[in-house]
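S.K.: Before we start, here is the structure in question, set down as C-alpha cells.
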Amino acid sequence: MLKPTAFGVTLGFFGFIICGGFMVASILTGFGKPLLDLLGPLHPWYSFSYIGALWMAVFHFIALYILGGLFVVVYNGLAKK
C-alpha cells in the first residue's frame, strides 16, 4: 500500500524543483524561453520573472501533490481487488 501524502509530497517536490529550476535557468540564459512563452499562458498569473518562477514552482507543487495523492488513492483501491 502506498501512502498518498508521501507520494504527493515527493511528486510535488520534484515538480517544484524542475519547474522552478527550468524557469530560473531560462531567465538567466534565455534557454527554453519559446517553450515558456508557449506554455506560460496556460497557467494562471504567469509572468516571466523570478517571482513568476517562484509562483510556477509553488503552483506545480500544489497541482502535483493533489494529482499524486489522487493517483495513489485510485491505485490502492484497484490493488485491493
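S.K.: Quick test for you: out of Leu11, Leu64, Leu39, pick the one residue that is loosely packed, with under 14 Cβ neighbours inside 10 Å and of a type in the set (A, V, I, L, M).
M.R.: Matching residue, one of Leu11, Leu64, Leu39: Leu39.
S.K.: Still on this structure: Residues to consider are Leu54, Leu11, Leu64, Leu36; find the one that is at pLDDT below 90 and assigned to a helix (DSSP H, G or I).
M.R.: After applying the criteria, what remains is Leu36.
S.K.: Where the second residue is among the aromatic types (Phe, Trp, Tyr) and surrounded by 14 or more Cβ atoms within 10 Å (Cβ to Cβ) and the first is touching a residue at least 40 places away in the same chain (Cβ under 8 Å) and in a helix (DSSP H, G or I) and lies in the stretch 14-29, which pairs have Cβ atoms under 7 Å and are six or more apart or on separate chains?
M.R.: Gly15/Phe61; Phe16/Phe61
S.K.: Right, Leu70: at pLDDT 95 or above and surrounded by fewer than 18 Cβ atoms within 10 Å (Cβ to Cβ) or not?
M.R.: Criteria met by Leu70.
The values are calculated or read from the model by the stated rules, or taken from the named source; none is laboratory data. These numbers were taken from a predicted model, which means no experiment stands behind them. Note that we place each Cβ from the backbone using ideal geometry, even for glycine, and neighbour counts take in every protein chain shown.
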